[in-house]
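Worksheet for the structure shown next.
Rule-based calculations on the coordinates, nothing more; no lab input. This is a predicted model, so every value here is computed, not measured. Virtual Cβ from ideal backbone geometry, glycine too; neighbours counted across all protein chains shown.
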Amino acid sequence: MKVLLVHPGPLMYSEIFLRLEPLGLELIAQSVRREGHEVRLLDLQVFSRKVFFDQLRCFCPQAVGFSLNYFANVPEIIDLAVSVRQNRPESFIFVGGHSASFIPEDILEHARGSIDCVIVGEGEKTTLRVLDSFSAQSLAKLPGVVTREGKGPAPELISDIDALEPARDLTRNRRKYFIGGLDPCASIEFARGCPWDCSFCSAWTFYGRTYRTVAPEIAAKNLAAISEPNVFITDDVAFVHPEQGHAIAGEIEKRHIRKRYYLETRADVLLRNLGLFARWKKLGLTNIFLGIEAIDEDTLKQFRKRTDTGGNFKALEAARKIGLVVALNIIADPSWDEKRFETVRNWALNVPEIVHITVNTPYPGTEVWLKDAPLLTTLDYRLYDIQHAVTATRLPLSSFYRELATTQGVLNRKHLGFRGLWDVFGMAASLAFRGHTNFLKMLWKFNKVYNPQRQFEDHGREIRYRLTPPAKTDSPPSRKALYVHGEKRVLPKRS
């Protein structure tokens, strides 16, 4: 069977800071290809819609699958699915991905017959079952599959992620993928899941607070197969099990793999394993992202981060001593006023780290989606991108965006103003000399993308597809009811 897998276009945040290869879709593609299907993969972060329609016409896929990892991409994917149905009415059309798993019925309703099913949960095995069961009657009985005719049992977590392998050869124009100065950059997965339960996050509700690791020798084998000099480790929290981090490091040393790495982790994980991160620094780890989220104790408790400001600041100091470039995130709440924005700006200007500001956004699948439902001011999917305020703001909305853009602009100039540009000039020039211009282009896009007038006017656009707000209940559902994969299963810890 001919199968076309499609990743949607970029969001506001990724217009500047990163463009990551569609690793999840590559994993699906390889699983499907192993079963004898002919697969093509198209990433609309890199290619235009014209190429998409060319693929429909020339490749003539019998099945078209869309990856939906971000709610802001819902309208785009619905419109593309409708176009597929109009151009190839005989094709089977399906959608899967992280965000799709929390709103499958809504997606099917929006599509009005243009989407045959939504795959919920991990998709590598379920996609194969779907391609073998085209009739809606049989589809509705499959675990992790939702159709307009019904919903199957809860999806199953994949017990052995070692067997998964990405079809990197299907991703064209790979030089377009980057994160910051790591240009070009591939992506790799060492672990899946997160055992923590932050109130604003849906990683733990998707995976049921499980955490599964890839065997060190498999991780190193996959790493050695990457041609790019830079690698982003996609784990929600890297090296929760430090023994895995050391074992992978040992395999890298044994195989003499030389790469530069960027990863995400928590401050407390870093502090508990300084030796491990120092070892990875010697292997090529250059950048880490720490989601410290807040600079005060009350907000950390509200987010249920299970960390404190003292530990977070110690982690920053420790990373500096190791020699790592640290980027961190602070969540701006719509309740902030001018004074709060100023406080955060002053703090951020007095630390050497790269500070990003995102907007507190209640997503389906998170606890705050249920808690903050009465505060929602818009149900426009396109605004659920952590760059727009979707709940009531204390300041007038235009003033909130002005303060937000001012803060982001100040922090941008801290690193990419004239003094900052002098520091990165050598790197940018070296990349450009080798034909890698993603980072250089990023430097000049900031003011165009982070524009308070643009963000404010986004709220006035016509809304064609609306999120369904959570149903009102007398008591909130149990936390396990949020799990995509049903009851939490304790998976074996890899030694």
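The charge dipole of segment 1-70, taken about its Cα centre with unit charges on the Cβ of Lys, Arg, Asp and Glu (plus for the first two, minus for the last two), comes to roughly 200 debye. The stretch between residue 340 and residue 406, if pulled fully straight at 0.36 nm per residue, gains 22.5 nm over its current Cα-Cα span.
For the chain, the dipole from Cβ point charges (+1 on Lys and Arg, -1 on Asp and Glu) about the Cα centre works out to 1040 debye, to the nearest 20.
Compare the Cα positions of 248, 202, 187 along the charge dipole of segment 182-262 (+1 at Cβ of Lys, Arg; -1 at Cβ of Asp, Glu; about the Cα centre) and return the one farthest towards the positive end. Final value for the positive-end residue is 248. Expressed as a fraction of 2.2 N^0.38 Å, the rule-of-thumb size for a compact globular protein of N residues, what is the C-alpha radius of gyration of segment 177-480? So the Cα radius of gyration is 1.05 times the expected 2.2 N^0.38 Å.
Principal semi-axes of the equivalent ellipsoid, √(5λ) from the alpha carbon gyration tensor of segment 1-131, are 19, 17, 16 Å from largest down. If you take all other residues with their beta carbon under 14 Å from the beta carbon of residue 380, and give Lys and Arg +1 and Asp and Glu -1, the sum is -2. With 24 Å as the limit on Cα-Cα distance, the pairs of 301/321; 125/151; 254/281 that go past it are 301/321. Counting only DSSP H runs of at least 4 residues, each contributing -39500 (n - 2.57), and dividing by the residue count of the chain, the helix-based mean residue ellipticity at 222 nm comes to -11000 deg cm²/dmol. Shown here for segment 200-259: trypsin sites (Lys or Arg not before Pro) in loop regions (DSSP other than H, G, I, E, B) with at most 14 other Cβ atoms within 10 Å, namely 258.
Among the cysteines of the chain, those whose beta-carbon sits 4.7 Å or more from every other cysteine beta-carbon are 58, 60, 117, 185, 194. Annotation: segment 302-360 has a Kirkwood hydrodynamic radius of 12.8 angstrom, from the mean reciprocal C-alpha pair distance. Long hydrophobic helices in the chain: the complete DSSP H runs spanning 24 Å or more by Cα along their own axis with mean Kyte-Doolittle hydropathy of at least -1.0 are 397-416.
The spacing between segment 24-88 and segment 266-319, judged by their C-alpha centroids, is 38 Å. Rg/Rh for segment 98-205 stands at 1.03; both radii use Cα atoms, and Rh follows the Kirkwood definition. Residue 311 sits among other residues whose Cβ lies under 12 Å from its own Cβ, and their net charge, with Lys and Arg +1 and Asp and Glu -1, is +1. Database remark: amide H of residue 385 closer than 5 angstrom to no amide H (H placed geometrically; neighbours at sequence offset of 5 or more, or on other chains; Pro and chain starts carry no H). Simple rule: put +1 on each Lys or Arg Cβ and -1 on each Asp or Glu Cβ in the chain, find the dipole, and look at 392, 360, 36; the Cα lying farthest toward the positive end is 36. A Cα-only calculation for segment 199-246 places Rg and Dmax at 13.1, 38 Å. Taking the fewest neighbouring Cβ atoms within 10 Å as the starting point, the ordered list for 342, 317, 21, 367 is 317, 342, 367, 21. Positive contributions from Lys and Arg (+1) and negative ones from Asp and Glu (-1), summed over other residues with Cβ under 12 Å from the Cβ of residue 452, come out at -1. Taking amide H positions as modeled 1.01 Å from N, with prolines and chain starts lacking one, the residues under 5 Å from residue 209 and 5 or more places away or on another chain are 194.
Under 5 Å between amide hydrogens, built in the peptide plane, is the criterion, and for residue 328 it picks out 290, 354, 355, 356 among residues at least 5 positions away or on other chains. Rounding to the nearest 20 debye, state how big the charge dipole of segment 309-348 is about its Cα centre with +1 on each Lys and Arg Cβ and -1 on each Asp and Glu Cβ. Dipole of segment 309-348, to the nearest 20 debye: 260 debye.
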